[in-house]
Amino acid sequence: MGKRYTINHEVAYYECDINQTMTFPALLSVAIKASTDQSDELERGTEQINALGITWVITQTEVTIDRLPRVGEKISIVTEPTEFNRYFCYRSYWVYDLAGNELLKIDMAFVLMDIDNRKMSSVDAELMAPYESPKVKKIRRWPKIEKVEADQKQLYHVRYYDLDSNHHVNNAMYFNWLIDVLGYDFMTQYEPKYVNIKFDKEVLYGNDIESFYEIVEEPEAKAKTRHEIRLGDQLACEANISWQKRS
């Protein structure tokens, strides 16, 4: 496996929702900071990568949750680049409380994108060498994402502050569009336990997107939500989230 890296973090009130638990955009941002800090330390940071005419893009994220961090809680985030192949790099993140209990695990797939033509670029073994992760031939198969069958949707406009330094929508922002449609009552009654999200197409400044969703109630106080973010007739993002009713 690859070289591990750890950062510590105290959860701020502005990173939490009305339930006093950390939001997905905040959680993803802190996780990405851990891997960004590691890359900077290994001289593979944003400046070095961009100088090669390429940038990292997240294509898949899977989150398994025991519980979300709470406001004021001190947590540690451990990250490890686990393996890579010709086109995909895989990285895991674990979030722990002060007692060392695992709160959640995040698995991500990244690709390198050519900044000019916005096409996927192959991964160079020399570029990955400092991470000490093994090169493999296989491509990871993620759990299949169920399609939205209902026609419930909400329109969103991509704003300036939705963009990151790569000039496209920050991956964490997609969660706002996915979650917001579920509404106050659902979000205060249920807590997330599992997320599977795939990023299919870049969304850019000024775009109007539609967030489609479907809520499926299940036995034992559980629920599943299916999501699709569409840009016209193109699929930009798709996700399934499993929920448990709050006790």
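The values are calculated or read from the model by the stated rules, or taken from the named source; none is laboratory data. Predicted, not measured: the structure shown is a model, and the values here were computed from it. Neighbour counts are summed over all protein chains in view; Cβ atoms, including those assigned to glycine, are modelled from backbone coordinates with ideal geometry. Note: areas computed on protein heavy atoms with side chains; ligands, DNA, RNA excluded. Shrake-Rupley method; radii C 1.70, N 1.55, O 1.52, S 1.80 Å.
So if I place +1 on the C-beta of Lys and Arg and -1 on the C-beta of Asp and Glu, and nothing else carries charge, what would the dipole magnitude of the stretch 97-247 be about its Cα centre? I want it in debye, nearest 20.
Values: 21 positive and 27 negative charges, 104 e Å.
So the magnitude is around 500 debye.
How big is the stretch 73-167 along each principal axis, measuring the range of its Cα positions in Å and listing the largest first?
Computed over the Cα atoms, the extents are 44, 44, 31 Å.
Got a number for carbon plus sulfur as a percent of the stretch 121-247's accessible area, 1.4 Å probe? Please list the in-between numbers first.
Details: 3400 of 7210 Å².
Carbon and sulfur atoms account for 47 percent of the accessible area of the stretch 121-247.
T188 versus S76, label points 7 Å from Cα toward the beta carbon: distance in nm?
3.7 nm
Probe radius 1.4 Å, ligands and nucleic acids left out: which of M22, M120 has the largest accessible area, and how do the rest follow? Provide the component values of the computation, followed by the final result.
Values: M22 5, M120 100 Å².
Result of the area sort, largest leading: M120, M22.
Restricting to bridges with both residues inside the stretch 1-147, how much of the DSSP beta-bridge set is antiparallel, in percent to the nearest 5? The partial results should precede the final answer.
On the way: 37 of 38 bridges.
Within the stretch 1-147, antiparallel bridges account for around 95 percent of the total.
Would you mind estimating how fast the stretch 111-244 diffuses translationally, via Stokes-Einstein at 4 °C and 1.567 mPa s with the Kirkwood radius over Cα pairs, in µm²/s? Can you show the working numbers first?
Working: Rh = 16.9 Å.
D = 77 µm²/s.
Accessible area per residue, 1.4 Å probe, Å², for the stretch 1-130: what's the number?
On the way: 6170 Å² over 130 residues.
Normalised by residue count, the accessible surface of the stretch 1-130 is 47 Å².
Between the alpha-carbon centers of the stretch 26-86 and the stretch 140-207, tell me the distance in whole angstrom.
With the stretch 26-86 and the stretch 140-207 each reduced to a Cα centre, they are spaced 19 Å.
Please give the FRET efficiency for K201 paired with D97, using the beta carbon to beta carbon distance and R0 = 30 Å, rounded to the nearest 0.05. If you can, show how the numbers build up before the last one.
On the way: r = 37 Å, r/R0 = 1.22.
The formula returns an efficiency of 0.25 here.
Only residues of the stretch 173-201 count here: report those whose backbone N is under 17 Å from the spot 7 Å along Cα→Cβ of H157, or say none.
177
Rounded to the nearest 500, what is the chain's calculated 222 nm mean residue ellipticity when only DSSP H runs of at least 4 contribute -39500 (n - 2.57) each, over all residues?
Dividing the helical sum by the residues of the chain leaves -5000 deg cm²/dmol.
How much length is gained on full extension from K147 to E10, taking 0.36 nm per residue of separation minus their Cα-Cα distance? Please report the intermediate quantities before stating the final value.
Working: separation 137, 0.36 × 137 = 49.32 nm, distance 3.66 nm.
Gain in length upon complete extension: 45.7 nm.
Kirkwood Rh over alpha-carbon pairs of the stretch 1-85, then Stokes-Einstein at 10 °C and 1.306 mPa s: what D in µm² s⁻¹, rounded to an integer? Don't skip to the end; give the middle numbers.
Working: Rh = 14.4 Å.
Here the translational diffusion coefficient equals 110 µm²/s.
If you add up the charges near I7, with Lys and Arg at +1 and Asp and Glu at -1, over every other residue whose beta carbon is less than 10 angstrom from its beta carbon, what do you get?
Working: positive: K33; negative: D37.
Here the charged neighbours net out to 0.
If ligands, DNA and RNA are left out, what is the accessible area of H167 with a 1.4 Å probe, given in Å² to the nearest 10?
Accessible surface of H167 is approximately 140 Å².
Quick check on the chain: what does the Kirkwood estimate of hydrodynamic radius come out to from the alpha carbon pairs, in Å?
Numbers: mean 1/r = 0.0529 Å⁻¹.
Evaluated over the chain, this radius sits at 18.9 Å.
Let's test the formula: R0 of 25 Å, r as the Cβ-Cβ distance of M120 and M1. What FRET efficiency results, to the nearest 0.05? Before the final figure, lay out the partial values.
Values: r = 25 Å, r/R0 = 0.99.
The computed FRET efficiency comes out at 0.50.
Let me test this: with uniform point scatterers at the alpha carbons of the stretch 123-168, what is the Debye-based log₁₀ I(q)/I(0) at q = 0.28 1/Å?
Debye intensities relative to I(0), on a log10 scale: -1.01.
Among the listed pairs K33/K144; K144/K224; K105/K224; K3/K201; K74/K222; K3/K119, which have their C-alpha atoms separated by more than 24 angstrom in this model?
On the way: K33/K144 28 Å; K144/K224 14 Å; K105/K224 19 Å; K3/K201 30 Å; K74/K222 29 Å; K3/K119 28 Å.
Over 24 Å Cα-Cα: K33/K144; K3/K201; K74/K222; K3/K119.
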